[in-house]
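The values are calculated or read from the model by the stated rules, or taken from the named source; none is laboratory data. The structure presented is a predicted model; accordingly, all values stated were derived computationally and were not measured. Every residue, glycine as well, gets a Cβ built from its backbone with ideal geometry; the counts of neighbours run over all protein chains shown. Heads up: the accessible areas ignore ligands, DNA and RNA and are worked out on the full protein's heavy atoms, side chains in. Shrake-Rupley method; radii C 1.70, N 1.55, O 1.52, S 1.80 Å.
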Amino acid sequence: MSIAKEHELHHRRKGRNIGLGLVLAAAIALIFGLTIVKVGTGDFGNALQETQN
Amino acid sequence: MSDASINSASFENEAQFGDYFALLKPRVMTLVVFTAFVGLLAAPTPVHPFIGFCAVLFIALGGGASGALNMWYDADIDAVMKRTAKRPIPAGKVTKDEAFAIGIALSAFAVVFLGLATNWLAAGLLAFTIFFYVVIYTMWLKRWTPQNIVIGGAAGAFPPMIGWAAATGTVSVEAVLMFCLTFMWTPPHFWALALFMRSDYDDAGVPMLTVTHGRRTTRKHILAYTILLAVLAIGTAFTSLGGPVYLATALVLNALFLKGAVAIWRRDEDMSEADNFKVERSFFKLSLLYLFAHFGAILVDALLVRVGLIGGWA
């Protein structure tokens, strides 16, 4: 039997890895989206003004 | 035999992604998500849809994190109770340390990002909710007093208030009313469960009212709290939170809920044993519908006012 053959163990871990990957991708999308919305709605305006004063 | 199979026996019970998700108590999370969503949308201040989505998500994550910390601390009693024996820690899928790490990390993430996305009052309330559920309820009240779920119910009642605070930046009377509604609903909901789960809490040594004061007293308490809840729920219909849809919903559901509570109060153990706690089980199911319908009605009335179809009470 070849050592390269995928073991059942790898199948079981695959789901976990994909799940974690999706969670990380969602977290990135969420933070990116929040930043865009916050900048777009001017929520960061006050903070910017305070740093300039 | 491949190399990988040598140690595979020790991985037979290895956690899947779903086991980690189960740590967050997804069924409880649906209640948190829905009530927080209603709190957010019923508020008079409009919120950007994406910010609103993030706010509800972070509140849900905070609720889930407290669920993971609850499972971490309660692993010993979860293993004894039939209802909770299949949870990831007692089932041997996830270790206590993993649950603790996930709970703490998610709590911090949820609180900080709710603060950044909305405001720090909402974030502070979320942090307090997690603290209340984990420290006050799980670590202290649950194993100490039969009033555990009465006081501990506050933890489940905060989400609509947090949703409201996320939208408005304040906590007003409407937010407090939504809190009170869930707070008063929790005892009859859990005591009905305790009645038909019978020996579970006994075995685990959790001082539920059924264990400390007996099942007769629990039946009386269910009725008393249901009457108080009905007064509160119907009274709320005449505040600024209420509206015609809420009033109709509250009248119908409180009548049904009171009917169920009276039936539970009238029954004795022999009658309940004879039909395998049919009335208690249906009361528990009705309690789920009760809360979702009340919050759903609050949402519908708020939306009707917003689109100008009705004027609102106040």
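Listing for the model above:
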{"read-out": "Residue among B:Val262, B:Leu304, B:Leu229 farthest towards the positive dipole end of the range B:172-314, charges placed on Cβ", "value": "B:Leu304"}
{"read-out": "Positive-end extreme of charge dipole, the protein assembly as shown - chosen from B:Phe113, B:Ile102, B:Asn13 (charges on Cβ)", "value": "B:Asn13"}
{"read-out": "Base-10 log of normalised Debye intensity for chain B (one unit scatterer per alpha-carbon) at q = 0.07, 0.09, 0.11 Å⁻¹", "value": "-0.30, -0.49, -0.72"}
{"read-out": "Cα centroid of the range B:156-184 to Cα centroid of the range B:32-76, whole Å", "value": "12"}
{"read-out": "Rounded FRET efficiency, nearest 0.05, which uses the C-beta distance separating A:Ala26 from B:Ala85 and R0 of 41 Å", "value": "0.85"}
{"read-out": "Shielding score for A:6-19, defined as the mean number of other chain Cβ atoms within 10 Å", "value": "4"}
{"read-out": "Selection from B:Thr218, B:Met197, B:Met178, by position along the positive dipole direction of the range B:164-272 (Cβ)", "value": "B:Thr218"}
{"read-out": "Equivalent-ellipsoid semi-axes of the protein assembly as shown, from the Cα gyration tensor, Å, largest first", "value": "36, 33, 17"}
{"read-out": "Under 27 Å from A:Lys14, Cα to Cα: lysines that are on another chain or at least 8 residues apart", "value": "A:Lys5, B:Lys25, B:Lys86, B:Lys93, B:Lys96"}
{"read-out": "By accessible area with a 1.4 Å probe, ligands and nucleic acids excluded, highest first: order of B:Ser282, B:Ser172", "value": "B:Ser282, B:Ser172"}
{"read-out": "Once exposed loop trypsin sites (Lys or Arg not before Pro) are cut out (DSSP; at most 13 other Cβ, 10 Å), longest piece of chain B", "value": "B:87-314"}
{"read-out": "Assigned charges on the beta-carbon of Lys, Arg, Asp, Glu; the range B:182-314 dipole about Cα centre (debye)", "value": "300"}
{"read-out": "Dipole magnitude of chain B, debye to nearest 20 (Cβ charges: Lys/Arg +1, Asp/Glu -1, about Cα centre)", "value": "800"}
{"read-out": "Where the range B:172-314 is the region considered: accessible area per residue in Å², 1.4 Å probe", "value": "43"}
